Amino acid sequence: MNHFNIAVDGPAGAGKSTIAKLVAKELGFVYVDTGAMYRAMALYFLRKGVDPKAAEEIERSCPEVDVTIRYQDGVQQVLLNGEDVSGLIRTEEVGNMASAVSGYMPVREKLVELQKQLAAKENVIMDGRDIGTCVLPDAPAKIYLTASVEVRAARRYKELLEKGMKADLKEIEKDIEDRDYRDMHREHSPLKQAEDAVLLDTSSMTLAQVVEEILKIVREKGYKADGGQA
């Protein structure tokens, strides 16, 4: 059976995870949060006190890390060496570490293989920085999701405040700009729009509008409600 895969790429704070989860629920797809997988590895490196510039130590540490994703009662759980770290990986510190180490080939190779295995077994929607270009280059539906730096920072600022966390809007904007630069200029698998991806700027769109547009794209790319491809 051929499984239908949806690849969603884009810069930090573009809403990829939120949108992908909603689309997955609408279609009954498995949502694969690749960013969470990289964040789990980043958390391991932070706990171990690894310098993000210490390439050799990062490579030596990779075999020690096991990252898996499972669903329990429809809720995604991210496991780091058997520990559920879902609630620990969404800090700015972990996000910055994930951006810094995700360009190292040993890190990418370890996680990409797991991501490919998941996509071969299920209808999945997967979001990240290089899904359409490297992880799922044959995915029939590819979306490049973006928004202005100001809009992405404002969304992140609001999210942090709602969680009761302190936040500085200007610092968040600077973090996003820095992460954009690192992601787009890293040596391996840099962030870029796949040639056959549909560009979707969500700066002035509601969540519902973005979801509906992606569902429209998926249908146009051949997905049928019975789970197959046209």
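The values are calculated or read from the model by the stated rules, or taken from the named source; none is laboratory data. Predicted model, so just to flag it, every value in this text is computed and none were measured. Cβ sites come from the backbone with ideal geometry, for glycine too, and all protein chains shown count toward neighbours.
Of note:
- Selected residue (criterion: nearest to Arg108 (Cα to Cα)) from residues of the range 154-199 that are of a type in the set (Gly, Ala, Ser) and within 17 Å of the chain's Cα centre (by Cα): Ser189
- Selection within the range 4-41 - out of contact with any strand residue (DSSP E or B) (no Cβ under 7 Å at 6 or more places or on another chain) and in contact (Cβ under 8 Å) with a residue 60 or more places away in the chain: Ala12, Gly13, Thr18, Leu22, Glu26, Leu27, Gly28, Tyr38
- The set of residues in the range 1-50 that are small (Gly, Ala, Ser) and outside any helix (DSSP H, G or I) comprises Ala7, Gly10, Ala12, Gly13, Ala14, Gly15, Gly28, Gly49.
- Of the helices (runs of 4 or more DSSP H) that lie entirely inside the range 146-224, those containing 1 or more residues that are surrounded by 16 or more Cβ atoms within 10 Å (Cβ to Cβ) and at pLDDT below 95 span 149-162, 169-185.
- Hits in the range 55-83 - residues which are loosely packed, with under 14 Cβ neighbours inside 10 Å, among the small types (Gly, Ala, Ser) and more than 28 Å from Ala119 (Cβ to Cβ): none
- The set of residues from the range 37-84 being aliphatic (A, V, I, L, M), within 20 Å of Met126 (Cα to Cα) and at pLDDT 90 or above comprises Met37, Ala40, Met41, Ala42, Val78, Leu79, Leu80.
- Residue check, Ile89 outside any helix (DSSP H, G or I), crowded, with 19+ Cβ neighbours inside 10 Å and touching a helix residue (DSSP H, G or I) at 6+ places or on another chain (Cβ under 9 Å): yes
- Scanning the range 144-168 for residues that are touching a strand residue (DSSP E or B) at 6+ places or on another chain (Cβ under 7 Å) and within 28 Å of Gly87 (Cβ to Cβ) yields Leu145, Thr146, Ala147.
- Exactly one residue out of Glu64, Glu93 is over 20 Å from the mean Cα position of the chain (by Cα) and farther than 20 Å from Gly10 by Cβ, and it is Glu64.
- Residues of the range 107-129 include at least one that is touching a Cys at 6+ places or on another chain (Cβ under 8 Å), free of Cβ contacts under 8 Å to residues at least 24 places away in the same chain and not polar (S, T, N, Q).
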